[in-house]
Amino acid sequence: MATFNKFNSFVEAMAEKVHNLGSDTLRVALTNTAPSATDTGFLPGSAHPPPAAANGYTAGGNTPAITSSAQSSGTYKLVLADTVFTAAGGSIGPFRYAILYNDTAASDEVIGYHDYGSSITLLVGETFTWD
């Protein structure tokens, strides 16, 4: 199972009103370059180059739908719908990390990432579901 890691800057960005997780556009991008806990922004083509926008991979990654965004007893819970990457016409990858970031924020502020433990390459017709 993939490990989820929160970026250090996420808590500060929440306090400074960078994120509105109930309505901002969040994206999931794939990369084979290890993120650092100290990263602050994600710009496609930057320190974490995603696969090329081809073969079913969209530039900047997929946009999971916000299923719910609410707090109960002081605990906030954001639920995002699964998003599926499907290789078509060629392979996607390799990638090891899936970075969740806020595409609405001016600097594409990062939230967290999953580490899948080893690189993955999707061959034509194969899918990868980020959950």
query = (1) touching an Asp or Glu at 6+ places or on another chain (Cβ under 8 Å); (2) open to solvent by 40 Å² or more (accessible area, probe 1.4 Å): which one isn't true of ALA53, the others all being true?
reply = (1)
ask   = Looking at this structure, is VAL79 under 19 Å from HIS19 (Cα atoms), in contact (Cβ under 8 Å) with a residue 40 or more places away in the chain and among the β-branched types (Val, Ile, Thr)?
value = no
inquiry  = Scan segment 115-130 and tell me whether some residue there is within 20 Å of ALA13 (Cα to Cα) and touching a strand residue (DSSP E or B) at 6+ places or on another chain (Cβ under 6 Å).
reply    = no
query = ASP103: touching a residue at least 60 places away in the same chain (Cβ under 8 Å), of a type in the set (D, E, K, R), within 19 Å of ASN32 (Cβ to Cβ) and surrounded by 11 or more Cβ atoms within 10 Å (Cβ to Cβ), yes or no?
reply = no
remark   = Exactly one of GLY74, GLY22 is at positive phi and loosely packed, with under 12 Cβ neighbours inside 10 Å, and that one is GLY74
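The values are calculated or read from the model by the stated rules, or taken from the named source; none is laboratory data. In this text the structure is predicted, and so the values were computed from the model without any measurement. Quick reminder, even Gly has a Cβ in these numbers, built from the backbone with ideal geometry, and neighbours come from all protein chains shown. Just so you know, the surface numbers come from the protein's heavy atoms only, side chains and all, with ligands and any DNA or RNA stripped out. Shrake-Rupley method; radii C 1.70, N 1.55, O 1.52, S 1.80 Å.
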